[in-house]
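The structure appears below as structure tokens.
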Amino acid sequence: MTLSRSLKGSIALVTGAGSGMGAATARVFAAEGAHVAVTDYDLASAEAVAYEIAQEGLSCAAWGLDVSDPDRIRAVVGEIAAKFGGLDIVINNAGISAFCPIDSDAYDAVWAKSLAVLLTSHQQVIRAALPHLRKSAAPRIVNIASTEALGATSRDSPYAAAKAGVTGLTRALAVELGREGITVNCICPGPIATGMTAAIADDDKAVFAKRRTALGRYGQPEEVAHVTVSLCLPAASYITGATIPVDGGLMARNA
Ligand code: NAP
């Protein structure tokens, strides 16, 4: 066996890691031996996740990071690289939901915020991280999009447009950075039980999942986190530019 399946000693940055899929991703990376930078808009929630990980004797630290603030992105990426001695892995996960009808007075504001948090932030985190990724033996980028990038829901156009942008950014950067050995992939989660979907009643969740997914249920954050981790192994060296649904078969199902 020549390719490593170990993340031991890798340094990973996860955005929006104070809850949901980001928190699950931080936990799985740490459990696999990575040093994890747990970042979130809300410092207290990032610290709570980092505290829980550290209680297991694993390596991590927390930062407050609003991904719509490019100056803060550059500062935090620098601090992470200084603390851990580099940066190998970037997980662009932070997100907001952004339902808004096209004829709403709030549409332009929702559009601007969606694009800033869900799309522009990805390129800004990647650009800040690039000098460090270029020094890594196994540089990996995973962008979290959504099945809303592949299909769409009514009144969700700012979110769907931003997430479709993430898939395009992923492909273009995979091509641009491939010769440097930097892989760039994208995960499209389907319906996952996190804070983002917490307002949907359990009965409605169950009906939707039974009707629309192959597996007939919502996914758990950890089920996405493990796919993210798989894409970041040193051994995952020949997959790039991919858009991978982790959706319980939602996109595969017609009827
Ligand atoms: P979540 O539990 O709400 O987590 C999102 C995290 O992002 C929260 O901790 C949130 O922090 C943080 N965040 C929001 N705005 C931010 C900002 N400007 N800067 C930094 N962090 C920010 O939801 P989730 O489901 O785990 O979402 C993770 C990713 O999966 C998102 O990109 C989402 O679009 C995507 N996704 C989710 C689903 C789903 O069904 N859950 C499906 C497809 C895709 P605060 O709580 O402090 O605001």
Counting only residues 5 or more apart in sequence or on a different chain, those whose built amide H sits under 5 Å from that of G219 are I192, A193
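Pull out a ≥ b ≥ c, the square roots of the eigenvalues of the alpha-carbon gyration tensor of region 98-255, then state rounded if a/c is under 1.5, prolate if not and a/b is larger than b/c, and oblate in the remaining case.
Oblate, because a/c is 1.5 or more while a/b does not exceed b/c.
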Over the chain, with the other protein chains present, what is the accessible area per residue in square angstrom, probe 1.4 angstrom? 47 Å²
Compute the length gained on full extension between A255 and R179: take 0.36 nm times their separation in residues and subtract their Cα-Cα distance, giving the result in nm to one decimal. 23.2 nm
In region 185-228, which residues have a backbone nitrogen under 12 Å from the label point lying 7 Å from E56's Cα in the Cα-to-Cβ direction? 222, 226
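Using a Förster radius of 35 Å, what is the FRET efficiency between D42 and L3 based on their Cβ-Cβ separation? Nearest 0.05, please. Numbers along the way, then the final one.
On the way: r = 37 Å, r/R0 = 1.07.
Working from the Cβ atoms, E equals 0.40.
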Amide H contacts of G151 (H built 1.01 Å from N, under 5 Å, at least 5 apart or other chain): none
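Mind checking the full-extension length gain between F99 and R217? Use 0.36 nm per residue of separation minus the Cα-Cα distance, one decimal, nm. Working shown, then result.
Details: separation 118, 0.36 × 118 = 42.48 nm, distance 2.27 nm.
My answer for the length gained is 40.2 nm.
From the protein chains alone at 1.4 Å, what is the descending order of accessible area for K210, K135, K163, K205, largest first? Don't jump to the answer; show the numbers that get you there.
Values: K210 135, K135 170, K163 5, K205 30 Å².
Order by accessible area, largest first: K135, K210, K205, K163.
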If we count every other residue with Cβ under 12 angstrom of L58's Cβ, Lys/Arg +1 and Asp/Glu -1, where does the sum land? -1
To the nearest 10 square angstrom, what accessible area does E222 show with a 1.4 Å probe? 100 Å²
Please name which of I96, F208, M251 has its Cα lying farthest along the dipole of the chain towards the positive end, using unit charges on Cβ (Lys, Arg +1; Asp, Glu -1) and the Cα centre as origin. M251
Interchain or sequence-distant (5+) residues whose placed amide H lies within less than 5 Å of the amide H of I244 are C186, I187, C188
Heavy atoms of T243 accessible to a 1.4 Å probe, total area in Å² rounded to 10: 40 Å²
Nearest 0.05, what FRET efficiency do V207 and A112 give at R0 = 41 Å with Cβ-Cβ as r? 0.75
The chain: angle of helix 121-133 to the longest principal axis, Cα-based, in degrees nearest 10: 20 degrees
Find out how many positive minus negative residues lie around E223, taking Lys and Arg as positive, Asp and Glu as negative, among other residues whose Cβ is under 14 Å from that of E223. 0
As I understand it, the value is the acute angle between the Cα axis of helix 43-55 and the longest principal axis of the Cα atoms of the chain; what does it come to in degrees, rounded to 10? 60 degrees
Convert each backbone phi in region 212-225 into a coupling constant with the Karplus relation 6.51 cos²θ - 1.76 cosθ + 1.60 (shift: θ = phi - 60°), then list the ³J(HN,Hα) values in order as whole Hz, x for Gly and Pro. 10, 9, 6, 7, x, 7, 5, x, 9, x, 5, 5, 7, 4
List the residues of region 212-228 whose backbone N lies under 20 Å from a point placed 7 Å from the Cα of A198 along the Cα-to-Cβ direction. 218-225
If you only keep lysine pairs separated by 8 or more in sequence, or across chains, how many in the chain come under 26 Å at the Cα atoms? 6
How far, in degrees from 0 to 90, does helix 157-177 lean away from the longest principal axis of the Cα atoms of the chain, to the nearest 10? 30 degrees
Using a 1.4 Å probe on heavy atoms of the protein chains only, the accessible area for D156 in Å², nearest 10, reads 10 Å²
Work out how far the C-alpha atoms of region 82-134 reach from end to end along every principal axis, then list the three figures in whole Å, largest first. 48, 15, 14
Please turn the phi angles of region 94-100 into ³J(HN,Hα) values with the Karplus equation 6.51 cos²θ - 1.76 cosθ + 1.60 (θ = phi - 60°), one per residue in order, whole Hz, x for glycine and proline. 3, x, 9, 8, 8, 5, 6
With charges set only on the Cβ (+1 for Lys and Arg, -1 for Asp and Glu), what does the dipole of the chain come to about its Cα centre, in debye to the nearest 20? 840 debye
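The values are calculated or read from the model by the stated rules, or taken from the named source; none is laboratory data. In this text, all values refer to a predicted model and were calculated from it rather than measured experimentally. Don't worry about glycine lacking a Cβ; one is built from the backbone with ideal geometry, like all the others, and counts go over all protein chains shown. We work out accessible area using only protein heavy atoms, side chains counted, and drop any ligands, DNA or RNA first. Shrake-Rupley method; radii C 1.70, N 1.55, O 1.52, S 1.80 Å.
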